[in-house]
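J.: Could you have a look at this structure, given as structure tokens, before my questions?
Coordinate-derived values only; no laboratory data. Keep in mind that this is a model prediction, so the values were computed, not measured. Cβ placement follows ideal geometry from the backbone for every residue including glycine, while neighbour counts extend to all protein chains displayed.
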């Protein structure tokens, strides 16, 4: 235990935002080509793709900066 | 009744969250070997980690749903909870009170009361805090199941047990550290999961200015879009309150009572690595706190505009003829979030509930172990035994929360009583702490009897109004009433009674020698904090910036 350094919380935050952002982007791309029968308001702006992308970018930056 | 439908990708996102928090609990277990690690997260956190956790411990999903709903009901006045009702108290804690807390190396707020006053004051506060924490934790669990059942159609029992077992596991594994880790993850999930509601709402309606204009067009008699300009006449604002009630009840007593003495939040600052980091904890948190209205208040205002526009097709849910204000945020999520994002929105709410639960349980296990078990039941307990007791009390705390949750389910009116509990416990405690920390001649007996009468008077005022023995107008000194105004004024009177009794009894009872109060009372403690640092690195500098931002925000939305 003593010789193992604890990962900072920012590493875990980066990891979970990257994972969730990735899933949301993939879901958005799928819905772009297979539009659902019932759409949400402003669905034409594809918030899942750009918001998921922002999450991935933010999470990815945190992960890369803290993984070592 | 169900508002949000979930697709498989949403369930995967929720599953990722559960797997993550359990995984973190197991990972941190390796680093939790002493009682210091378990109860104070090893006292090694930076001010950023402690600051975000400090804020998140208060940021439960119930608050998010409730405050958005309250904005729909009362208008922008709800922003007072985030600005004048929080920031001055957080800055006061960081600048003036934290040095006494942190330097005395206490493990809890009741621990400070023991050093400053005596054992009986500590035990009284320890027991009342433990009971309050368990009740609040149970009611939160009940409210979570209610929300998940109403908006997602989930089974009551499964929802409560799944989240309670998850919280019990990760808090029992690594104590405060895993509670803090999950609180920080929750903070980011809430911003990413819910801020998009405000962004899409502004895109749909046009602009922030358009939102305010459209609300003002509909409500011409009562203002829903200002903070102070209608506060001199209670009939002109949505909360029906005079500015003096906001300043004295919310801005002074309730706010200072909660942010400076509630161990649930203050415990996060105790986990900081040094005194400067501990002082910076609430100051940094104040900036994030000021930003929260851009999620909750804005969402509430968007809901008002949409519900006033018949073409939008937006309407709050009704429960047996009563408007369900808490449905505003879930309905906006359902309106704007496609599959994937809906899972993120639900995860943000779940994370809020679970982090709130973990915060209550980690505060409970510390107060139980140190201020009740070690102080009264087993004074010779070893460190290893206390660590074991911390883990056992975590499990017991969660089980008792479940019992409270089922109790609340069978007596729904108990929800009502819970809203008043903070003013029963925290408002008088703030008078005791303030007097004790700043006046050396306040005596142990003065503090004890002040606390007893303050708590009792707050309780009696609440019951008096509830069962019509006492007219609300006597308390609020106003012809128009709202629950919120009554809460603010009750807190003020309880504080005043506690302070008066404490001072009076202290005048006639035996004082503690000054030498026993060094490090605990202002004026008897050396004060050269951070003087060696340049001004721009001192906590006072950041507190000043925070105060300026607070003033600018209040002027902008005057």
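J.: Let me check against my output: what whole-number percent is the relative contact order of chain B, with C-alpha pairs under 8 Å and at least 6 apart? Intermediate results must be reported in sequence, preceding the final value.
T.: Working: 933 pairs, mean separation 161.6, N = 558.
Value for chain B: 29 percent.
J.: Compute the relative contact order of chain A as a whole-number percentage, counting only Cα pairs closer than 8 Å that sit 6 or more residues apart in sequence. Spell out each step's value before the answer.
T.: Values: 65 pairs, mean separation 38.0, N = 68.
Result for chain A is 56 percent.
J.: Still on this model: Order these peptides, B:273-281, B:306-314, by their mean beta-carbon neighbour count within 10 angstrom, highest first.
T.: Working: B:273-281: 22.6, B:306-314: 13.9.
Highest mean packing first, the order is B:273-281, B:306-314.
J.: Which distance in Å, rounded to a whole number, links the C-alpha centroids of the stretch B:180-220 and the stretch B:312-344?
T.: Using only Cα atoms, the two centres lie 14 Å from each other.
J.: Once the Cα gyration tensor of the stretch B:282-335 is diagonalised, what are the square roots of 5 times its eigenvalues, in whole Å and ordered largest first, as equivalent ellipsoid semi-axes? Don't jump to the answer; show the numbers that get you there.
T.: Details: eigenvalues 153, 34, 14 Å².
Square roots of five times the eigenvalues give 28, 13, 8 Å.
J.: Provide a whole-number value for the mean count of partner chain Cβ atoms within 10 Å of the Cβ atoms in peptide B:23-30.
T.: Details: counts 2, 5, 0, 0, 3, 3, 1, 3.
Partner Cβ neighbours, averaged per residue: 2.
J.: Using only the Cα atoms of the protein assembly as shown, each taken as one equal point scatterer with no solvent, compute I(q) by the Debye sum, divide by I(0), and report log10 of the ratio at q = 0.07 Å⁻¹.
T.: Debye intensities relative to I(0), on a log10 scale: -0.42.
J.: Report the Rg/Rh value for the stretch B:431-518, based on alpha-carbon coordinates and the Kirkwood definition of Rh. It would help to have the intermediate numbers written out before the result.
T.: Numbers: Rg = 15.7 Å, Rh = 14.1 Å.
A ratio of 1.12.
J.: Highest mean first, what order results for A:33-44, B:72-83, B:504-515 on Cβ atoms within 10 Å?
T.: Details: A:33-44: 11.6, B:72-83: 23.8, B:504-515: 13.2.
For the peptides A:33-44, B:72-83, B:504-515, the packing ranking is B:72-83, B:504-515, A:33-44.
J.: Sticking with this one: Restricting things to Cα coordinates, could you compute the convex hull volume per residue of the stretch B:10-120 in Å³?
T.: Numbers: hull volume 19.9 nm³, N = 111.
Spread over its residues, the Cα hull of the stretch B:10-120 gives 180 Å³ apiece.
J.: Cα atoms only: what Rg and Dmax, in Å, come out for the stretch B:76-162?
T.: Both quantities, over Cα of the stretch B:76-162: 18.8, 51 Å.
J.: Then there's this: Rounded to a whole number of µm²/s, how large is the Stokes-Einstein D of chain B at 25 °C and 0.890 mPa s, given Rh as the Kirkwood radius over C-alpha pairs?
T.: Values: Rh = 24.0 Å.
Diffusion coefficient, whole number: 102 µm²/s.
J.: Further question on the same structure: Arrange the following residues from fewest to most other Cβ atoms within 10 Å of their Cβ: A:61, B:369, B:322.
T.: Numbers: A:61 14, B:369 28, B:322 8.
Listed from fewest to most nearby Cβ atoms, that is B:322, A:61, B:369.
J.: Another one. Roughly how crowded by other chains is peptide A:7-13, in terms of the mean Cβ count from those chains within 10 Å of each of its Cβ atoms?
T.: 6
J.: Additional query: Helix A:9-33 against the longest principal axis of chain A: what's the angle in degrees, Cα atoms only, rounded to the nearest 10?
T.: In chain A, helix A:9-33 runs at an angle near 20 degrees to the longest axis.
J.: Here is a further query. What do you get when you divide the Cα radius of gyration of the stretch B:216-294 by 2.2 N^0.38 Å, with N the number of residues? Write out the running numbers ahead of the final one.
T.: Details: Rg = 17.2 Å, N = 79, 2.2 N^0.38 = 11.6 Å.
Cα Rg divided by the expected 2.2 N^0.38 Å: 1.49.
J.: Turning to a different aspect of this structure: Looking at the stretch B:120-207, I'd like the Rg to Rh ratio, where Rg is from alpha-carbon atoms and Rh is Kirkwood's inverse mean 1/r.
T.: Using Cα coordinates only, the ratio equals 1.11.
J.: If you don't mind, there's one more thing I want to ask. Please state the relative contact order of the stretch B:271-351 as a whole percent: Cα pairs under 8 Å, 6+ residues apart?
T.: Working: 34 pairs, mean separation 12.7, N = 81.
Rounded, it is 16 percent for the stretch B:271-351.
J.: Moving on. Using alpha carbon coordinates only, what is the Rg to Rh ratio of the stretch B:231-357, with Rh defined as the Kirkwood radius? Numbers along the way, then the final one.
T.: Numbers: Rg = 19.0 Å, Rh = 18.2 Å.
Rg/Rh: 1.04.
J.: Taking a temperature of 10 °C and a viscosity of 1.306 mPa s, what whole-number D in µm²/s does Stokes-Einstein yield for the stretch B:312-362 with Rh from Kirkwood over alpha carbon pairs? The partial results should precede the final answer.
T.: Numbers: Rh = 12.7 Å.
Once the numbers are plugged in, D ends up at 125 µm²/s.
J.: Which residues does the label zone of residue B:507 cover in the stretch B:447-463, counting backbone N under 16 Å from a point 7 Å along Cα→Cβ?
T.: Answer for this model: B:447, B:450.
J.: Using helices alone, what [θ] at 222 nm do you get for chain A, with -39,500 (n - 2.57) per DSSP H run of 4 or more residues, divided over all residues and rounded to the nearest 500?
T.: Numbers: 2 runs with 45 residues, N = 68.
Result for chain A, helices only: -23000 deg cm²/dmol.
J.: Using alpha-carbon positions, what is the distance between the centroids of the stretch B:501-558 and the stretch B:358-400, in Å?
T.: Rounded to whole Å, the Cα centres lie 31 Å apart.
J.: Can you compute the FRET efficiency between residue B:236 and residue B:544 using 1/(1 + (r/R0)^6), with r the Cβ-Cβ distance and R0 = 30 Å? Round to the nearest 0.05. Present the calculation step by step, with values, prior to reporting the outcome.
T.: Numbers: r = 33 Å, r/R0 = 1.11.
Efficiency for this residue pair is about 0.35.
J.: So if each residue of separation counts as 0.36 nm, and I subtract the Cα-Cα distance between residue B:558 and residue B:379, what length gain in nm does that give?
T.: On the way: separation 179, 0.36 × 179 = 64.44 nm, distance 5.47 nm.
Full extension of this stretch gives 59.0 nm more.
J.: Ratio of the stretch A:15-66's C-alpha Rg to 2.2 N^0.38 Å, to two decimals? Before the final figure, lay out each step's value.
T.: Values: Rg = 12.4 Å, N = 52, 2.2 N^0.38 = 9.9 Å.
Expressed relative to 2.2 N^0.38 Å, the Cα Rg reads 1.25.
J.: Sticking with this structure for a sec: For peptide B:182-195, what's the mean number of Cβ atoms from other chains within 10 Å of each residue's Cβ? Intermediate values should be presented prior to the final figure.
T.: Numbers: counts 2, 1, 4, 6, 0, 1, 10, 5, 0, 1, 10, 3, 0, 1.
Partner-chain Cβ atoms within 10 Å, mean over residues of B:182-195: 3.
J.: Using helices alone, I'd like the mean residue ellipticity at 222 nm for chain B: each DSSP H run of four-plus residues gives -39500 (n - 2.57), total over residue count, nearest 500.
T.: Numbers: 22 runs with 372 residues, N = 558.
My calculation for chain B gives -22500 deg cm²/dmol from helical runs alone.
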